[in-house]
Amino acid sequence: MDFRISVLATFLVGALMLTTASCQETYPPTDMTRHSIIPRPESVVATNHTFVLDEGLSIRVEEGNETFKKEALRLATILKNATGVDFDVEEGNEAAWFGNTLLLKKPAENQPLPLSGYELEIKERLITLTASSPEGVFYGIQTIRQLLPAAIEKTGELKTPVLIPTGIIRDWPQYGYRGMMLDVARHFFDVSTVKRVIDYLAYYKLNTLHLHLSDDQGWRIEIESWPNLTTHGGSTAVGGGEGGFFTKADYREIVEYAKGQHITIVPEIDMPGHTNAALSSYPELNCDGIAPELYTGTRVGFSTLCTDKEITYQFVDDVVREIAEMTPGPWFHVGGDESHSTEQEDYEYFMNRARAIVKSHGKQIIGWDEVAHADLDETDVVQFWSKEENALLGVQKGAKLLMSPSKHAYIDMKYDENSRLGLDWAGPSEVDDAYTWDPVTLMDGIEKVDIIGVEAPLWAETIETLDDIEYLMFPRIAGIAEIGWTMREDRRWEEYRVRLGQHRDRMKAMGIDFYESPLVPWQEQADYFMNIELTDEGDE
Ligand code: TNX
């Protein structure tokens, strides 16, 4: 018999055939290389058969591996939400004798994988996800999500059985720091919005969220020893809105939630400039002892802490101590940008002291590229955004670079002149501008070893809601994620734009209000996922 039917029909036929293993052969071969995975994996080899995910699936974890079990339970929850089916998570290191199995395990000693890497081997009856660390397992699970139909992202909309293509994916990131910055100072975003952003980052295998917690327009994190910072300094926003701030409990909740998705929070207190909200809350931080009014405009460069008063360093010490205590990650971001009303000499003096304070609380500094003028060493990170000479100066001092070139990585820029949100001083920045660059070749004189990774800052002068965040973030953040994860040789815009077009229904299923760039061939899932042609292998 020679027949061709749609996969939809196969779902029905398949449901009848599921009871015996020999029937597996009648499932359609599917081509793993046709599935759009972002960021693009290190290698994908298709074996052109099908794994059937049905209610009999057993998820197995090697005995005693509690951290892997947590990841397995998370996968079971994702599947349960989408399908309504309770999948078993059990201990064991072999395939179940009946039904299909997804096995999570550590690599054999003679077949090591990079620490954050994973291998996903999908055979007809068995999926084996191998990783050395829980985050490796987590990344493998994100890839599984992208191999499933988009309905995996919607509650109760995925019908089993679901077909997954067979093959082998081996995958690991190029850079250890893959992040986004969210400015909660110009406009405030609450805990649930930040959690949603964390979910989005995790989906594209980003691992860092930098929170810009203070600026001229608002102070957004509770500091017990300086309470006016939030009661007064947090009370407004750009345009005169009501502002807001994170209590310590809120911040801890964010840190904890992020950790569950293998995301590190980097807190930033911008100093000595961008401090009007603090200066307005405490007159003693001003050189003239007079507190300025709160500020709700969008100018930069007019405020500075008084660098030759001792109270300033007491303030910095208290703030850093209270935030560092709640922050498990290694970094504390000291800002340091656009301090146009601080004398250069005072700036350097201040930064050297701020850096020592951060170190005394057990953290390493990251600073915007102007910070390169301070005394730095290999424990420090310079975040390149504007001046190449600053980045090179940092490297000369032994510091590492975090790459956020404003022309490419600033996702607060408009896409084109018609964009409903965004600034334009470094743009406009279309989806290809955000994708077609490389951290190493961006400027002469730096090498890959100088770079810890990439970050896309989302400044919030023009945005106020989760919808607004989504519009500027997507789809550019997916391209930034790929730059941080995928080898330069494997990144080509012409190929990427097609893969991105295939994520349309995934973003829609997640409820993301993304920008439908005319540069991307947006496809409905049916175009590429559901029209697999079937051949009956039995007749060959
Ligand atoms: C420059 S980038 C700033 C921010 C603004 C941003 C707007 C940087 C380190 N400083 O204060 O929000 O431009 O794009």
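The values are calculated or read from the model by the stated rules, or taken from the named source; none is laboratory data. All of these numbers come straight from a predicted model, not from anything done at the bench. Cβ sites come from the backbone with ideal geometry, for glycine too, and all protein chains shown count toward neighbours.
Data for the structure
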{"quantity": "Test: residue in region 342-359 that is within 16 Å of the ligand (Cβ to nearest atom), assigned to a loop (DSSP other than H, G, I, E, B) and of a type outside the set (A, V, I, L, M, F, W, C)", "calculated": "yes"}
{"quantity": "Meets criteria (out of contact with any His (no Cβ under 9 Å at 6 or more places or on another chain) and farther than 28 Å from Asp216 by Cα) for Met413", "calculated": "no"}
{"quantity": "Residues of region 102-118 satisfying the condition of being of a type outside the set (A, V, I, L, M, F, W, C) and either in a loop (DSSP other than H, G, I, E, B) or buried (at least 21 other Cβ atoms within 10 Å of the Cβ) (or both)", "calculated": "Lys106, Pro107, Glu109, Asn110, Gln111, Pro112, Pro114, Ser116, Gly117, Tyr118"}
{"quantity": "Meets criteria (within 14 Å of the ligand (Cβ to nearest atom), under 15 Å from the mean Cα position of the chain (by Cα) and either of a type in the set (Val, Ile, Thr) or farther than 26 Å from Val184 by Cα (or both)) for Ile477", "calculated": "no"}
{"quantity": "Thr379 vs. criteria touching a strand residue (DSSP E or B) at 6+ places or on another chain (Cβ under 6 Å), away from the ligand (no atom under 16 Å from the Cβ), under 21 Å from Ala185 (Cα atoms) and among the β-branched types (Val, Ile, Thr)", "calculated": "no"}
{"quantity": "Val320 being more than 26 Å from Ile480 (Cβ to Cβ), crowded, with 17+ Cβ neighbours inside 10 Å and either basic (Lys, Arg) or in the same structural domain as Ala456 (by TED's automatic domain parsing) (or both)", "calculated": "yes"}
{"quantity": "Failed condition for Trp331, given (1) touching an Asp or Glu at 6+ places or on another chain (Cβ under 8 Å); (2) closer than 24 Å to Ala391 by Cα; (3) surrounded by 18 or more Cβ atoms within 10 Å (Cβ to Cβ)", "calculated": "(1)"}
{"quantity": "Complete set of residues in region 402-427 that are over 20 Å from the mean Cα position of the chain (by Cα), within 12 Å of the ligand (Cβ to nearest atom) and either farther than 20 Å from Phe514 by Cβ or among the charged types (D, E, K, R) (or both)", "calculated": "Lys414, Asp424, Trp425, Ala426"}
{"quantity": "Residue, farthest from the ligand (Cβ to nearest atom), within region 270-298, restricted to residues that are assigned to a loop (DSSP other than H, G, I, E, B) and in contact with a Lys or Arg (Cβ under 8 Å, 6 or more places away or on another chain)", "calculated": "Cys287"}
{"quantity": "Subset of region 128-141 [surrounded by 21 or more Cβ atoms within 10 Å (Cβ to Cβ) and not aliphatic (A, V, I, L, M)]", "calculated": "Thr130, Glu135, Gly136, Phe138, Tyr139, Gly140"}
{"quantity": "Within region 58-68, considering residues that are touching an Asp or Glu at 6+ places or on another chain (Cβ under 8 Å) and of a type outside the set (Phe, Trp, Tyr), the one surrounded by the fewest Cβ atoms within 10 Å (Cβ to Cβ)", "calculated": "Gly64"}
{"quantity": "Residue list for region 382-392, restricted to those being more than 29 Å from Ile469 (Cβ to Cβ) and either within 16 Å of the ligand (Cβ to nearest atom) or without any contact (Cβ under 8 Å) to a residue 12 or more places away in the chain (or both)", "calculated": "Glu388, Glu389"}
{"quantity": "Condition check for Gly301: within 16 Å of the ligand (Cβ to nearest atom), loosely packed, with under 15 Cβ neighbours inside 10 Å and closer than 18 Å to Asp215 by Cβ", "calculated": "yes"}
{"quantity": "Complete set of residues in region 428-462 that are in a strand (DSSP E or B) and either under 16 Å from Met487 (Cβ atoms) or within 16 Å of the ligand (Cβ to nearest atom) (or both)", "calculated": "Ile451, Gly453, Val454, Glu455, Ala456, Pro457, Leu458"}
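Residue-by-condition table, conditions (1) over 16 Å from Gln174 (Cβ atoms); (2) not assigned by TED's automatic domain parsing to the domain that holds Asn207:
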residue: Tyr415; (1), (2): yes, no
residue: Arg420; (1), (2): yes, no
residue: Asp432; (1), (2): yes, no
residue: Asp444; (1), (2): yes, no
residue: Val454; (1), (2): no, no
residue: Glu470; (1), (2): yes, no
residue: Ala481; (1), (2): no, no
residue: Ala509; (1), (2): yes, yes
